[in-house]
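Structure first, commentary second.
The values are calculated or read from the model by the stated rules, or taken from the named source; none is laboratory data. These numbers were taken from a predicted model, which means no experiment stands behind them. As a convention, Cβ positions derive from the backbone with ideal geometry for all residues, glycine included, and neighbour counts pool all protein chains shown. Just the protein is used for accessible areas: all its heavy atoms, side chains included, with ligands, DNA and RNA removed. Shrake-Rupley method; radii C 1.70, N 1.55, O 1.52, S 1.80 Å.
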Amino acid sequence: GISSSAVAAYQRALGTVSNNIANVSTEGYSRQTATLQQSAPAKQANMYLGTGVLFSSVKRSFDTFAESNLRNSNTDLSTQAPLMEYTQRVMDIMGDKSVGLSSALDTFFEAAGSLSVDPASGILRTGFLRATEGVGSRFAELSGQLNLVATETKQALESAAGQLNTLTEQLALVNQQLTKAPSLDGQPPELLDRRDLILRQLSEFSRIKTSFTSNGIVSVSLGATMKQSLVVDGLKSRPIGFAPDSVSNLDMVIDPFGNSEPLAGASGGTMGGMNTFI
């Protein structure tokens, strides 16, 4: 009996190891560990004898502290990406000889200097006026290029908001699945992996704050505290977007087509980086 229980228990433990190897490249997968426990001893005469081993459960090798720090670092990294991208584009525009101001201003001041030496020269006056028109047209061209960058940034911000809303909807569905078990130990590891992967993806768009219940259901806030800017409240998700009557089209709110409220305290991530740039 002891031999039989040992073979059965370690067969399942070997299956857990095989599952870890098979999912070594699966995004969001957490390594699983088989937990064994002794079976109840049997009383023989005046003593108790062991009866073997039992396969108890499968647990995730998961560190809450490390995962939280990973999300924060992920947010900080994602903040810098759009700032660097759009700032580099502005620098390229300003430094371009055909669009930037440097060459046009050099020509303007050169023409002004030449005219100051001989103000009565019609040729120099014409050259100065031409240089002045060149500076004006260069300002107009530069304004158009910068407006184009600003428009692209706003569109990217809208796209990021849509992706974030998709993730919060998925997280609410995961929370609904988590209600089937009363405790965290009874939750399927795959479901918890999915929850943590979505949280990690959310952290790419904005800095998030999380609150977990005893059975693993998570609420997510984009604000400075858990009471502000709640986008996932247990089993419900709340979309973010732009206020319909926004003048600048940059005033982000929660539930823009319902009982909307300002998206207060949101920062970091891709969305925070684009907002900072704008």
When every alpha-carbon pair in the range 109-168 is counted, what percent end up more than 17 Å apart? 61
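Summarise the accessible area of the chain (1.4 Å probe, protein heavy atoms) by the percent that is carbon and sulfur.
The C+S portion of the solvent-accessible surface of the chain is 56 percent.
Semi-axes of the equivalent ellipsoid for the range 13-65, please: Cα gyration tensor eigenvalues, times 5, square-rooted, ordered largest first, whole Å.
Values: eigenvalues 245, 30, 4 Å².
The equivalent ellipsoid of the range 13-65 has semi-axes of 35, 12, 5 Å.
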Residues with beta-carbon under 15 Å from that of residue 85, excluding residue 85: net charge, scoring Lys, Arg +1 and Asp, Glu -1? -1
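Using the alpha carbon gyration tensor of the range 183-274, what are the three equivalent-ellipsoid semi-axes (square root of 5 times each eigenvalue), largest first, in whole Å?
Values: eigenvalues 150, 39, 22 Å².
Over the Cα atoms of the range 183-274, the semi-axes work out to 27, 14, 11 Å.
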Expressed as a fraction of 2.2 N^0.38 Å, the rule-of-thumb size for a compact globular protein of N residues, what is the C-alpha radius of gyration of the chain? 1.67
Would you work out which of 160, 191, 172 lies farthest towards the positive end of the dipole of the range 149-197? Charges go on Cβ: Lys and Arg +1, Asp and Glu -1. 172
Solvent exposure ordering (accessible area, 1.4 Å, most first) of 109, 139: 109, 139
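From the alpha carbon gyration tensor of the range 1-142, can you work out the equivalent ellipsoid semi-axes (sqrt of 5 times each eigenvalue) and give them in Å, largest to smallest?
Working: eigenvalues 1462, 31, 10 Å².
Each semi-axis is the square root of five times an eigenvalue, giving 85, 13, 7 Å.
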Surface accessible to a 1.4 Å probe, per residue, for the residues of the chain, Å²: 58
Taking the Cα centre of the chain as origin, sum charge times position over the Cβ atoms of Lys and Arg (+1) and Asp and Glu (-1), and report the length of that vector in debye to the nearest 20. 1280
Which lysines, on any chain, are close to residue 209 with Cα under 19 Å apart, when same-chain ones fewer than 8 places away are left out? 227, 236
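Quick one, what does Rg over Rh come out to for the range 136-227 if you take C-alpha atoms and the Kirkwood Rh? Write out the running numbers ahead of the final one.
Working: Rg = 19.7 Å, Rh = 15.6 Å.
On the Cα set of the range 136-227, Rg over Rh gives 1.26.
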Collect residues whose amide H, placed 1.01 Å from N in the peptide plane, falls under 5 Å from the amide H of residue 54; neighbours closer than 5 in sequence don't count. 37, 38, 39
Cα-based Rg and Dmax for the range 56-126, in Å, come out at 28.7, 100
What is the Cα centroid distance between the range 163-195 and the range 215-230, reported in whole angstrom? 15
Could you derive backbone 3J(HN,Hα) for the range 108-113 from the dihedral phi with the Karplus parameters 6.51, -1.76 and 1.60 (θ = phi - 60°), listing whole Hz in sequence and x where the residue is Gly or Pro? 4, 5, 5, 5, 5, x
